[in-house]
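**Q** Dumping the structure here so I can ask a few things about it.
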Amino acid sequence: MKDIARMALKPGMEIGVDVKNYKDEVIIPAGTIVDANVINKLARHSIVCVTIMEEIDYATTQFEKIRLSKGFLSFQEAYNNAMPRYKEIMQKFVFEGIPFQMDELMQIYEDISSTLEKPAYLLDYLYNMLPTEDDLTYAHCLNSGLLAGLFASWFSLKKEETLLLVQCGLFYDIGKLKLPNELIWKPGKLSQLEFEKMKTHTFLGFQLLRDMPINSHILNAALMHHERFDGSGYPSKLHDMQIDIYARYISIVDAYEAMTSPRTYRQSKNPFEVIDIFEKDAFKYDTDLLKPFLYQIANHMIGMNVMLSNDQVAAVIMVNPWHLGRPLVRVVDDGSFIDLAARRDISIRNMY
């Protein structure tokens, strides 16, 4: 709701709060639709300002409210202004060999991240962004840089470490720009030959960056972000501490961004689905990094409404530390509680 001058009222607007006269009597109740009679009555009572409903007040779900919030709209504007700049810098570097200026890229990061009232709002805002098909790879890299900054704040990394992790996020998947979009964003499962070609993006990224005056961790993040803690990754089947610490961070950010970002050919996975997948694959990641990351995501969802697989709407009440992807929820209709860790027949279908 917002306050508006009587002179700015237009027919069709809805009064949001009871309008009272100087005797504290209600002269126009909340919910009244503005017409000429309402405006004239306000004038007769010398009412100069009233409260009206805004579009966000009609939103029925938490995510609708997010999409209509001033915070998201400010973020969206900054993001949409920054994307062409980021894309141009990356295209000139990858396809024309024009060196990038790291300061310009970090300014892009700052221009977007500075719009966030709280760092964790980034999770909600990115979840509601839908890049165009031509921008998918660029959006993936830019989003990962933003998420890397959030990740760093959760781990209380020093400023220089945070900036370095952001830079890793902005560049680690740059090799994908050398591969055709139809391969990178193929909806179905890749053939073995296609998968082998896809895997080359790690070395392609390393080749693009190796002659630039950048920190070696950025090079390692590009080369190693698909290595896995159990040795099952690529390109070199490194394991444990053989994998650069920044590549270990980025491997988590990369997987999270890929799963939660909507695509033209599929719905994004909701945060609890993502947590569930991460928990099942925990052996592939550095669990000292993964567990706090998942806890922060799950904790951010407390208070959010979710749609359950049984078609009930419920509010997330408490995170289960032993199974972060299956919290305790309270059904909105009857107030009953469901422990999803115990009720394996019920799952969270999407955020509501």
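The values are calculated or read from the model by the stated rules, or taken from the named source; none is laboratory data. Given the structure is predicted, the values throughout are model-derived calculations rather than measurements. For neighbour counting, all protein chains shown are included, and Cβ atoms are generated from backbone atoms with ideal geometry for every residue, glycine included.
**Q** So for the stretch 117-126 (the condition being closer than 20 Å to PRO292 by Cα, among the hydroxyl-bearing types (Ser, Thr, Tyr) and without any contact (Cβ under 8 Å) to a residue 24 or more places away in the chain), does at least one residue qualify?
**A** Scanning the stretch 117-126 turns up no residue that is closer than 20 Å to PRO292 by Cα, among the hydroxyl-bearing types (Ser, Thr, Tyr) and without any contact (Cβ under 8 Å) to a residue 24 or more places away in the chain.
**Q** Being β-branched (Val, Ile, Thr) and either within 16 Å of GLU77 (Cα to Cα) or within 21 Å of the chain's Cα centre (by Cα) (or both), is that true of even one residue in the stretch 124-139?
**A** There is at least one residue in the stretch 124-139 that is β-branched (Val, Ile, Thr) and either within 16 Å of GLU77 (Cα to Cα) or within 21 Å of the chain's Cα centre (by Cα) (or both).
**Q** I'd like the full set of residues that are part of a helix (DSSP H, G or I) and among the β-branched types (Val, Ile, Thr), limited to the stretch 207-219.
**A** ILE218
**Q** Got a sec? Which of ALA82, ALA5 is surrounded by fewer than 14 Cβ atoms within 10 Å (Cβ to Cβ), aliphatic (A, V, I, L, M) and either touching a residue at least 40 places away in the same chain (Cβ under 8 Å) or in contact with a helix residue (DSSP H, G or I) (Cβ under 7 Å, 6 or more places away or on another chain) (or both)?
**A** None of the others qualify; the one that does is ALA5.
**Q** Based on this model, can you work out whether LEU204 counts as in a helix (DSSP H, G or I), of a type outside the set (Phe, Trp, Tyr) and in contact (Cβ under 8 Å) with a residue 60 or more places away in the chain?
**A** no
**Q** Looking at (1) in contact with a Gly (Cβ under 9 Å, 6 or more places away or on another chain); (2) at pLDDT below 90, which is the one condition that is false for TRP185?
**A** Here TRP185 meets the rest and fails (1).
**Q** How many residues does the stretch 51-105 hold that are modelled with pLDDT of 85 or more, among the aliphatic types (A, V, I, L, M) and within 19 Å of the chain's Cα centre (by Cα)?
**A** Of the residues in that region, 4 qualify.
**Q** Now for a different question. Could you list, in sequence order, all residues of the stretch 8-25 that are in contact (Cβ under 8 Å) with a residue 24 or more places away in the chain and within 40 Å of the chain's Cα centre (by Cα)?
**A** LEU9, LYS10, PRO11, MET13, GLU14, ILE15, GLY16, VAL17, VAL19
**Q** Looking only at residues in the stretch 106-121 that are under 14 Å from the mean Cα position of the chain (by Cα) and in a helix (DSSP H, G or I), which one is farthest from PHE171 (Cα to Cα)?
**A** TYR121
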